[in-house]
Each structure stands twice: as structure tokens, then as C-alpha cells.
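So the structure is just underneath, and the comments pick up after that.
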Amino acid sequence: MRIETIDLVHEYQPGQRALDGVSLAIEGNEPLAIVGQNGAGKTTLVKHFNGILRPASGRVVVNGIDIGERTTAQWSASVGYVFQNPDNQLFLESVRNELEFGPRQLGMSDREISERMGWVAELMGLEKKLDVNPADLSSVEKKFCAMGTVVMMNPGAVILDEPTCGQDMEGERRLSHAIKVLRDQGVLCITISHDTKFVTRNFPRTMVLCQGKVIDQGPTEEVFTHVDVLKQSYVIPPPVARVSRAAGMRRVAFDVDGLVSSINEQRRG
């Protein structure tokens, strides 16, 4: 999967740029997090990746095809979008029907739908909920149902908008597992998130947006050491990272195990 933007500009009102000439290239299946303050342009940016929004100027190219050459419905088969609020995405009378709906619109065979259904339902923890009305699911289960509807269509990329919002510990564990499984299947996972602990645990690459511009990008371990750059977009590194940095560790740690490892390395050094 390759997603490219060239001088991308988006305006919600004339003269007020939500995206201000963004040029970037995202390639491969290594998970990517996009971080930044509210209003930085994160959601606006990713909604261009499957045509939910269209550029005021500039271009968006997905796997060599200009975004304007297909409808949003057509792009959803390649680049799936999981909304922050699952109630905006779920509308049928059972989980089973929700999971089947997208593939049927794409002309997927009954056999393939059945095979994917079993795999996706298990991955999302919904194998015992297929005949339940989505309205009767817990808030965490709704999140996974919405994600499952996207994964069912076998996209090359999945965009997760604030996926940890409202999640419990078990939900976060399952979400982390799903991201790893999708990566191993060759699917690119992109997330928008304010949860920096979740980002550092699950996303090897990070991009920082500020006022409609990309101000930093690269390996997550490097990006989260650029404290002065992060401050521009009001991004606060995880607590353990701040502790390890304040302690003068040669290698910044992002969790307790990493901190212990860094301390032992420093002692040996």
C-alpha cells in the first residue's frame, strides 16, 4: 500500500486552511500513528485517504491512482475508515449483518464472506455476538464491531480514529493484537490518537501535525525524543519517557520494562 499527498490543501471556509500544503508518502505495512493537538488537521488529513474529503488543491494518490478517479464507496474497499464513534457506522439489526454488508456490496462470494466472518469475528472478540443487535453491545464491543465491518472488506489499509477512546484494558490488549495480526497480513494500520502510551507500544512510525502541516515524522522512538517539536503541537510523551529523559538515560524508555533495561545498560556501561 502506498498513499501519497502532493501539496494537499483543504479549507472548510475560504482562506482558513485545515491542511496547508501537506506533501507526504506512506508506504508498506508498518503501523503509523498521527499525533497532534486538537485542530492540527489529523482527521482532515486521513479523511482524504479514501475520498471522504476532497482536496481544495493538490493531489492524493493511492497505489498510483488519483483519489478523484473513484468514489468514496469504491475507495472504502482499499482504504477502510473506522470512525471514533461506532454509532456513526453501525446501522443494521445484527452483528452478522453488519459484517456481511460491505463484502456483499463488493460482490464477494458467500464462501469468502463465510470464511472471513469466522476469522474477523474471532479477531474482534465477537464470535458469540453475531446474532446480537449492535445497539445491545457494550461500547467496547461496538468499537470492535465497527472495526470488523472494515476488516471484512479486506482493505489494504485501515484507519483507526481514536481507537482507545472508551476502551478498557482487555479492549486495548485485543486492539494491540488485531493491529499486529493485520500487519502480518500485509495491512497498513494508521491511527489518530492522543494516547501516547498506546502509540509508543504499537506504532513503529509516528507523524506529528501542527496547524495543518507535518512538523516531524520518523521512527516513534526518535520522534518522541524531539520534545521541543512535540511541544509545538501540545503532544506529551508517555510518563516513563519523561522520567528516563529527566534521569539522563542514553536511550529513552517508553514503558517500565524499557526503563529497567535502560538502567541496567547504563550500569553495565
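Considering the conditions (1) in contact (Cβ under 8 Å) with a residue 24 or more places away in the chain; (2) outside any loop (DSSP other than H, G, I, E, B), Gly68 is excluded by exactly one of them, (1).
Take Arg17 and tell me if it is touching a strand residue (DSSP E or B) at 6+ places or on another chain (Cβ under 6 Å), more than 18 Å from Ile159 (Cβ to Cβ) and basic (Lys, Arg). Judged against the criteria, Arg17 is a match. For Ser57, the conditions (1) of a type outside the set (A, V, I, L, M); (2) within 20 Å of Gly156 (Cβ to Cβ); (3) touching a strand residue (DSSP E or B) at 6+ places or on another chain (Cβ under 6 Å) all hold with the exception of (2). Scan region 82-99 and tell me whether some residue there is in a helix (DSSP H, G or I), out of contact with any Ser or Thr (no Cβ under 7 Å at 6 or more places or on another chain), aromatic (Phe, Trp, Tyr) and not assigned by TED's automatic domain parsing to the domain that holds Ala178. Checked region 82-99: no residue is in a helix (DSSP H, G or I), out of contact with any Ser or Thr (no Cβ under 7 Å at 6 or more places or on another chain), aromatic (Phe, Trp, Tyr) and not assigned by TED's automatic domain parsing to the domain that holds Ala178.
In region 126-158, the qualifying residues are those that are in contact with a Cys (Cβ under 8 Å, 6 or more places away or on another chain) and either closer than 24 Å to Gln185 by Cα or of a type in the set (Ser, Thr, Tyr) (or both), and the one that is surrounded by the most Cβ atoms within 10 Å (Cβ to Cβ) is Ala157.
With respect to the conditions (1) closer than 26 Å to Glu30 by Cβ; (2) in a helix (DSSP H, G or I); (3) under 16 Å from the mean Cα position of the chain (by Cα), Gly102 lacks only one, and its number is (3).
Taken over region 126-153, the criterion of being within 21 Å of Phe91 (Cβ to Cβ) and part of a loop (DSSP other than H, G, I, E, B) is satisfied by Leu126, Lys129, Leu130, Asp131, Val132, Asn133, Leu137, Ser138, Met152, Met153.
The residue list Asp216, Asp195 contains one member that is more than 20 Å from Glu141 (Cβ to Cβ) and either crowded, with 20+ Cβ neighbours inside 10 Å or free of Cβ contacts under 8 Å to residues at least 60 places away in the same chain (or both), which is Asp216.
Report those helices (runs of 4 or more DSSP H) wholly inside region 170-269 carrying at least 1 residues which are outside the structural domain of Arg17 (by TED's automatic domain parsing), at pLDDT below 85 and more than 18 Å from Val158 (Cβ to Cβ). Steps first, please.
Numbers: elements: 196-202, 220-223, 227-232, 239-246, 256-268.
Helices (runs of 4 or more DSSP H) meeting the threshold: 239-246, 256-268.
Within region 1-17, restricting attention to residues that are touching an Asp or Glu at 6+ places or on another chain (Cβ under 9 Å) and surrounded by fewer than 21 Cβ atoms within 10 Å (Cβ to Cβ), the residue that is farthest from Gly212 (Cα to Cα) is Met1.
The values are calculated or read from the model by the stated rules, or taken from the named source; none is laboratory data. Note that this is a predicted model, so its numbers are computed, not measured. Counting neighbours? That spans all protein chains shown, and the Cβs are built from the backbone with ideal geometry, glycine included.
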